[in-house]
Number of protein chains: 2
Amino acid sequence: MTLISFARGFPGPDLLPIDEFGDCATAALARDGATALNYGPPLGYLPLREWLAERHDVDVSRVMITNGSLQAFSFIARHHVQAGAKVFVEAPCYDRSLLILRRLGAEVETVPLSDDGLDLDVLERALAETDGPSLVYTIPTFQNPSGRTLSEPNRRRLIEVARAHGAVILEDDPYGLLRFGGERLPRLFELAGGEGAMLLSSFSKTVAPGIRVGFAILPEELMGAMQTLVFENYVSPVMFVEATLHEFVSRGRFDPNVEAVQEALRVRRDAMISALAREMPEGTRWNEPDGGYFLWVDLPDGLSAESLLAQADEVGVAFIKGPDFFFDGGGDSSLRLAFSYERPEAIDEGISRLGKLVREAVAVPA
Amino acid sequence: MTLISFARGFPGPDLLPIDEFGDCATAALARDGATALNYGPPLGYLPLREWLAERHDVDVSRVMITNGSLQAFSFIARHHVQAGAKVFVEAPCYDRSLLILRRLGAEVETVPLSDDGLDLDVLERALAETDGPSLVYTIPTFQNPSGRTLSEPNRRRLIEVARAHGAVILEDDPYGLLRFGGERLPRLFELAGGEGAMLLSSFSKTVAPGIRVGFAILPEELMGAMQTLVFENYVSPVMFVEATLHEFVSRGRFDPNVEAVQEALRVRRDAMISALAREMPEGTRWNEPDGGYFLWVDLPDGLSAESLLAQADEVGVAFIKGPDFFFDGGGDSSLRLAFSYERPEAIDEGISRLGKLVREAVAVPA
C-alpha cells in the first residue's frame, strides 16, 4: 500500500516550476554568470535583494537572503538569545523553530493560540511581568501547524501590546501569499511600518523548497551581527540559485506561479475538508483555513494522537501528532494535516484511512 | 586605476563553467526535477553523495554535503569544541576557520609551518602535554594561506603522531586536485584508511564557488550530530544546485574541467613568479607551489606588511597581510598573494605596482 502523507509541509511535485527553472538558469548565467558562479556578498545576490526591497518598500540594506528562511530564523534567534531576550512563542508553534530555541537554551514562554491566532490577553500579562528584552515569534497567517490566522484588529493590538512593553516582533510569513479565499490581511511588518517588527519569509512555498531561498527584513543595526554569523557558516549564500530565481521573478513569473499554487492548494484543501466531513465521527473538530498548507484536527473524546499515529503507519497514512508542536506539553489529542503534498484523490483516500482508525478508536470503550 | 586583486581566493571568471552549467540545470530538472526542487535529506542529494562515496572509497553513509565546505567545518568544529576538544591549528592558518574557532571560544594551540608543512616535532610535544580529546586541523596540500605542502614522509608521520596521542585529524583539502606540477601525494585521509581522519573538501575550486557545494567524509558515529546541526540551520542543503552539479559530473565534465583549471592556474602562477623575480628587491622570499591558489611572501628587512597594505590601495593592488592568518600573533612581515583571480597580464602589472612599493620601502632608512 502506498503511503499517503499529510506529515511534512512539502508542496506536491505538480506545484513546482520544473519546466521553467532550467531555462532561467541558462539565462541567468548568460546575463551574469561571472557573478552567479563566484563567491558573493554575505547577504545574498544584490539584484534579488533589490527586488525584495522594492516589494516590501524598504531600503535594500535591510534585506538578508539566506539558504532557506530557517537559517535566518536561526541567526536572528541566536542573536537575540545571546542578548538575553526572552522568547514568546505560540502554542502550538512551528516545530523546527522550537528545536532551535531548545538547543540555544533560550528562555521560552508559550502563549496559547485561540481560533484567530495568538491570545493577546495572555501575551499582554506575560509581557507586563517580563523585565529585559523580549522577542515575540509568530506566524500570524495560515499558521504552521494550526492553519489559524490572526484577525486584523488583533494584528493592530499585537503591535500596540508589543510596543507598550518594548518587545520586538518576529513575523514569520511563509504562507501569507498562498491565500485562496477571504480577504488579504496586512502583514504585522506593514502595520508596524517596519519598526519594532522583523519579517521572515521564503520562496519555498511560492516557488520551490529545493532552491532553499529564504529572506529576512531586519533593522539596520542588526545587519553587522548577521554578516558575522554568515561568515561563521558559509561565506556567502548560493549565488547560482539566487541569480536563477532572480531571472524567474524578472520574467514576471512570480505572481502567476503563486496564483497557480493557490488554485492547486484550494482544490486540495476542499478535498480534505469534504473527506473529513464524510469520514470523521461526531465530536471531531477541524478548521477550514483560507490558505497555506495545514489544518488542525482535534480528536473526539480526548483520543490520543500518539496512539493514532502508531496505527496510522499500518494503514498507510502519515501526519504529525500535536505534542510535537508544543514547547512544554499540550496537543495530546490533536494532529496537523498538510494538504499541500498529495493530489486530491489521494487526499480523499488518505482521510478515509484515517477516518476509519478514528471511528474504531471512538467505538472502543476507554 | 583598476584595482588588481591578489586578496581573496576567488577563481577568475574565465575559470568558471558558465556556458555549461545552465544546460546541466535543465537536464537535471528533466531527469529528477521533483527531487531537485523539493525539500531533501539533511546530508544532501543522494546521487551526488554516492558519486563522492565512490570516488573516496567510503560508504555513502559517511558523506555529508553542505552549502560550502565552511559550513561543514563550522559543524565539525562546533561538535568537537562542545565535546571539550583542544584544537591544533597551523600558523599561519586559513583565516575563516580561525574566526569560527575564536567565536566558539575554542581552546586553540598553534603549530608553526615549516617549508614542507606542519612542524611535527612541535605538534608531537604539544600533543604529549595534552589531556583529553584533541583535533588537528590542517590543509596539507597547497595550504591556504602559505601555498605549502606536507611531504609524504611527514604525512605518514603526522598520522602516527596523531594516533599515538589519540588525536583526530581534520584534513581540509580544497586545493589538492589543482596540482599542475610535481607528483600527486596521497591525502592524509587515504593514508589513514579513513580511520582517525576526517576529510573536508569542496567543489568551489574545482567547479565554481557560486554553487556553494562542499562536503565532508566523517566517521559514522558523527552523522547523527551533524544531522541535528543541519536541522538547526537549514532543513536540507540546496537540492537544485546539487542535482545540477551531479548532472555536470555524470557527463564526465569534472575531470576535464579540473584539468582546464590546473592549466589556467599554472600560467597565472608562472606569471606571478616571473614578475616577483623581476620586481622584488634582494632579501624578499617567496615559494613556488605546484598547485592551488596562493603563494606566501616574506618581505626583506622585516618590513611591515600592514604598512605596505596601507599604501597598496593607492596604487591599485590588494593582498592579505600575514597577521590575519595567525591566531596569536605573527606574520607581520609576510603577505598572502592569490594568483587565482587575475589574468596573467594583470598579475604582471599588479606585481610591478607592489614591487615598486617594496623597493621604495627598502630604500627608506628604518
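The values are calculated or read from the model by the stated rules, or taken from the named source; none is laboratory data. From a predicted model like this one, the values you see are computed outputs, not experimental measurements. A quick note on method: Cβ atoms are made from the backbone with ideal geometry, for glycine too, and the neighbour counts reach across all protein chains shown. SASA here: full protein model, heavy atoms, side chains in, ligands and nucleic acids out. Shrake-Rupley method; radii C 1.70, N 1.55, O 1.52, S 1.80 Å.
Rounded, prolate or oblate for chain B? Axes are the square roots of the Cα gyration tensor eigenvalues, ordered a ≥ b ≥ c, and the cut-off for rounded is a/c under 1.5. Oblate is the answer for chain B, as a/c is 1.5 or above yet b/c matches or exceeds a/b. Rounded to the nearest 5, what % of DSSP beta bridges with both residues in segment B:71-166 are antiparallel? In segment B:71-166, DSSP labels about 20 percent of beta bridges as antiparallel. Each Lys and Arg adds +1 at its Cβ and each Asp and Glu adds -1 at its Cβ; summed about the Cα centre, the protein assembly as shown shows a dipole of about 280 debye.
Per the rotation superposing chains A and B, the chain A residue found at the smallest beta carbon distance from the axis is A:Ala25, 2, distance in Å. Among the chymotrypsin sites (Phe, Trp or Tyr not before Pro) found in segment A:13-50, not one is both in a DSSP coil and sparsely packed, with 12 or fewer other Cβ atoms within 10 Å of its Cβ.
Counting only DSSP beta bridges with both residues in chain B, the antiparallel share comes to about 55 percent.
In peptide B:128-135, what is the residue-averaged number of other protein chain Cβ atoms found within 10 Å of each Cβ? Could the numbers behind the result be given before it?
On the way: counts 0, 0, 0, 0, 0, 0, 0, 0.
Per residue, the average neighbour count from other chains is 0.
Estimated purely from DSSP H runs of n ≥ 4, each contributing -39500 (n - 2.57), the mean residue ellipticity at 222 nm for chain B is -13500 deg cm²/dmol once divided by its residues.
Using only the heavy atoms of the protein chains and a 1.4 Å probe, how would B:Arg253, B:Arg336 rank by accessible area, largest first? Walk me through the numbers on the way to the answer.
On the way: B:Arg253 65, B:Arg336 0 Å².
Ranking B:Arg253, B:Arg336 by accessible area, largest first, yields B:Arg253, B:Arg336.
Check the straight Cα-Cα distances from B:Lys356 and name the aspartates and glutamates below 15 Å, setting aside those fewer than 8 residues away within the same chain. Candidates past the 8-residue exclusion: B:Glu279, B:Glu282, B:Asp313, B:Glu314, B:Asp348. Report, in degrees rounded to the nearest 10, the 0 to 90 angle that the Cα long axis of helix A:46-55 makes with the longest principal axis of chain A. Once rounded, one gets 60 degrees. The charge dipole of chain B, taken about its Cα centre with unit charges on the Cβ of Lys, Arg, Asp and Glu (plus for the first two, minus for the last two), comes to roughly 440 debye.
Distances, shortest first, from the label point of B:Glu221 to those at the same position in the other copies read 4.7 nm; the point lies 7 Å along Cα to C-beta.
Normalised by 2.2 N^0.38 Å, where N is the number of residues, the C-alpha radius of gyration of the protein assembly as shown stands at 1.03.
Across peptide B:16-28, the mean count of Cβ atoms from other chains lying within 10 Å of each residue's own Cβ comes to 6. Its relative contact order, with pairs defined as Cα atoms under 8 Å and 6+ residues apart, puts chain A at 26 percent.
Note that segment A:296-303 has calculated 3J(HN,Hα) couplings of 10, 10, 9, 6, x, 6, x, 4 Hz, one per residue in order, obtained from phi through the Karplus relation 6.51 cos²θ - 1.76 cosθ + 1.60 (θ = phi - 60°); glycine and proline are x. Only aspartates and glutamates eight or more places from B:Lys321 in sequence, or on another chain, were considered; those with a Cα closer than 12 Å are B:Asp95, B:Asp298, B:Glu306, B:Asp332. Taking Cα atoms only, the orientation of helix B:152-164 departs from the longest principal axis of chain B by about 60 degrees. The same position A:Ser307 in the other copies lies at 8.3 nm from this copy, comparing label points 7 Å beyond Cα toward the beta-carbon, shortest first. Per residue of B:239-252, other chain Cβ atoms within 10 Å of the residue Cβ number 3 on average. Taken as Cα centroids, segment A:26-67 and segment B:158-205 sit 35 Å apart, rounded to the nearest whole angstrom.
Using Cα pairs under 8 angstrom and six or more residues apart, how large is the relative contact order of segment B:229-366, in percent? Display every interim value, and only then the final one.
Values: 158 pairs, mean separation 36.9, N = 138.
Across segment B:229-366, relative contact order equals 27 percent.
Inter-copy label distances at B:Ala128, shortest first and taken from points set 7 Å along Cα to Cβ: 6.9 nm.
When the surface is traced with a 1.4 Å probe over the full set of protein chains, A:Leu309 keeps roughly 50 Å² accessible.
Loop-located chymotrypsin sites (Phe, Trp or Tyr not before Pro) in segment A:188-252 (DSSP state other than H, G, I, E, B) with a sparse environment of at most 12 neighbouring Cβ atoms within 10 Å are absent.
Computed from Cα positions, the angle between helix A:254-279 and the longest principal axis of chain A comes to roughly 10 degrees. Less than 5 angstrom separates the built amide H of A:Ser134 from those of A:Lys86, A:Val168, all sequence-distant by 5 or more or on a different chain.
I'd like the Kirkwood hydrodynamic radius of segment A:254-366, using the inverse of the mean 1/r over distinct C-alpha pairs, in Å. Show your work: numbers first, answer last.
Values: mean 1/r = 0.0686 Å⁻¹.
The Cα-based Kirkwood calculation yields 14.6 Å.
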